[in-house]
Amino acid sequence: MEHQRDIAQFDEPLELACGKTLPEFRVAYETYGSLNAQRDNAVLVLHGLTGTQHAAGLPKTGDRPGWWNAAIGPGKAFDTDRFFIVSPNALGSYGGSTSAASTNPHTEKPYGSDFPIVTIGDSVESQARLADTLGIAQFHTIAGGCFGGFQAMEWMARHPSRVGRSIIISATPRTSAHNTALWAVLRAAIRSDPNWNGGNYYDGPAPDAGLGLAAMIGALFWMSRDVFESKFGLQRVSGETPEYGFESEYTVEAFLDGVSRNAAGRIDSNALLYLTRAIDYFDMSRGHGSLAEAFADYTAPTLLVSYTNDWRYPAADMQELADALTENANPCQHETLDSAAGHGGFLYDTERLAPLLTKFLSAEPRTQTA
């Protein structure tokens, strides 16, 4: 599989929704497969909250497998023998796109707490600039799950003529108060670490303890009760006799200890703050009379996929998006799959998802309109 990684540098300013401006910015991205002569086989794959542009490929030079390696590659759902996959890193993330860890051109130091709040819509605008650079006028398909699904919706509303079709998985047209509450706890864990230093820690020790606690909390979001029970149950690390203390005695505790340790050095703490805040501000109805109005100019086919055990972004909430698209007479298919993985089903249970993706991708993209 042909695979390239790169960073696009943009010296033109990017106006942000918060009213501030990035004087320059970078978008890190990876591509898989080849762009055809007609330039109409590009698929934009958008990562989830803890993903990056590294969407596919097996480990090499220290890399982990791509986060959607099960779905991207020769003969897979996103067949790289047919499609040219573009996977960009969102603004504010920790994969190399401009973020709090980037150098502020005005100070020549990391932005830290001076980095402005970026929204999901801001990331989409940066991706549109990337598409221009790559010479892609319209994507055959735009696809994403969770945080990536939010980005896909923004693409549909902001750049409808550039979207040939859309795949949205485990994402709803706005966040919920419950999700915002969960993110608030995660952010509090990071900010409680003295090493966080108000976000300005890049010249000193990183807030690894706070980040580790946040990662442990996050594991409770992304894995369902059934998964915890089937994977760990009440198995002990060793022996059968309780030790009557507070050190980890159960395998589920040991698992969470490992989650905490592995977060250090892999995830930038500020990135989690900025990305989760972007989710808090996400609401496709904002600025419109209705959700249908937000997608008034979008006419392409859409595949929506929910999971029965996804309590964070339930199928009933995604149906609101399906209803809005149907109100606009858009071809829309909403499938609800059953998976013990719940919200993480599209990452960890691709066996049920892949046939839906393959069938939906089999049709040719719509003709581009002005």
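The values are calculated or read from the model by the stated rules, or taken from the named source; none is laboratory data. Because the structure is predicted, anything quoted here is derived from the model rather than measured. Glycine gets a Cβ as well: all are built from the backbone with ideal geometry, and neighbour counts include every protein chain shown.
Worth a mention:
- Failed condition for LEU356, given (1) under 24 Å from GLY164 (Cβ atoms); (2) more than 21 Å from the chain's Cα centre (by Cα); (3) free of Cβ contacts under 8 Å to residues at least 60 places away in the same chain: (2)
- Here SER224 meets each of (1) more than 25 Å from PHE147 (Cα to Cα); (2) in contact (Cβ under 8 Å) with a residue 12 or more places away in the chain with one exception, condition (1).
- Checking the stated criteria, PRO301 turns out to be crowded, with 18+ Cβ neighbours inside 10 Å and under 30 Å from ILE142 (Cα atoms).
- The conditions of being in contact (Cβ under 8 Å) with a residue 40 or more places away in the chain and not assigned by TED's automatic domain parsing to the domain that holds ASP297 are not met by ARG129.
- In segment 312-333, the qualifying residues are those that are of a type outside the set (A, V, I, L, M, F, W, C), crowded, with 18+ Cβ neighbours inside 10 Å and within 20 Å of the chain's Cα centre (by Cα), and the one that is modelled with the lowest pLDDT is ARG312.
- Considered as a group, the residues in segment 346-370 that are in a loop (DSSP other than H, G, I, E, B) and surrounded by fewer than 18 Cβ atoms within 10 Å (Cβ to Cβ) include one that is modelled with the highest pLDDT, and that residue is SER362.
- Qualifying residue in segment 198-218 (condition: assigned to a helix (DSSP H, G or I), out of contact with any Ser or Thr (no Cβ under 9 Å at 6 or more places or on another chain) and either at pLDDT 95 or above or exposed (fewer than 15 other Cβ atoms within 10 Å of the Cβ) (or both)): no
- Verdict on HIS343 being in the same structural domain as ALA42 (by TED's automatic domain parsing), part of a helix (DSSP H, G or I) and not small (Gly, Ala, Ser): yes
- Among the conditions (1) over 17 Å from TYR298 (Cβ atoms); (2) hydrophobic (A, V, I, L, M, F, W, C); (3) within 18 Å of the chain's Cα centre (by Cα), the only one that LEU134 does not satisfy is (3).
- None of ALA131, ALA137, ALA157 is touching a helix residue (DSSP H, G or I) at 6+ places or on another chain (Cβ under 6 Å), surrounded by fewer than 24 Cβ atoms within 10 Å (Cβ to Cβ) and among the small types (Gly, Ala, Ser) except ALA157.
- Taking (1) touching a helix residue (DSSP H, G or I) at 6+ places or on another chain (Cβ under 6 Å); (2) buried (at least 23 other Cβ atoms within 10 Å of the Cβ); (3) farther than 21 Å from ILE267 by Cβ in turn, GLY48 satisfies each apart from (3).
- Odd one out for GLY342, checked against (1) within 19 Å of the chain's Cα centre (by Cα); (2) farther than 30 Å from ASN195 by Cα; (3) surrounded by fewer than 20 Cβ atoms within 10 Å (Cβ to Cβ); (4) in contact (Cβ under 8 Å) with a residue 24 or more places away in the chain: (3)
- Inter-residue pairs, beta-carbon under 6 Å, first within 20 Å of LEU213 (Cβ to Cβ) and in segment 236-257, second assigned to a loop (DSSP other than H, G, I, E, B) and of a type outside the set (Val, Ile, Thr), 6+ apart: GLU249/GLU243; THR251/PHE232; THR251/GLN235; VAL252/PHE232; ALA254/SER248; ASP257/SER248
- Residue among ARG162, ARG191, ARG158 that is charged (D, E, K, R) and either at positive phi or in the same structural domain as ALA219 (by TED's automatic domain parsing) (or both): ARG191
- Restricting attention to segment 261-284, the residues being part of a helix (DSSP H, G or I) and at pLDDT below 95 number 3.
- The residues listed here are ILE136, ILE167; of these, the one that is of a type in the set (A, V, I, L, M) and touching a Phe, Trp or Tyr at 6+ places or on another chain (Cβ under 7 Å) is ILE167.
- Of the candidates GLN319, GLN333, the single residue that is part of a helix (DSSP H, G or I) and more than 23 Å from ALA219 (Cβ to Cβ) is GLN319.
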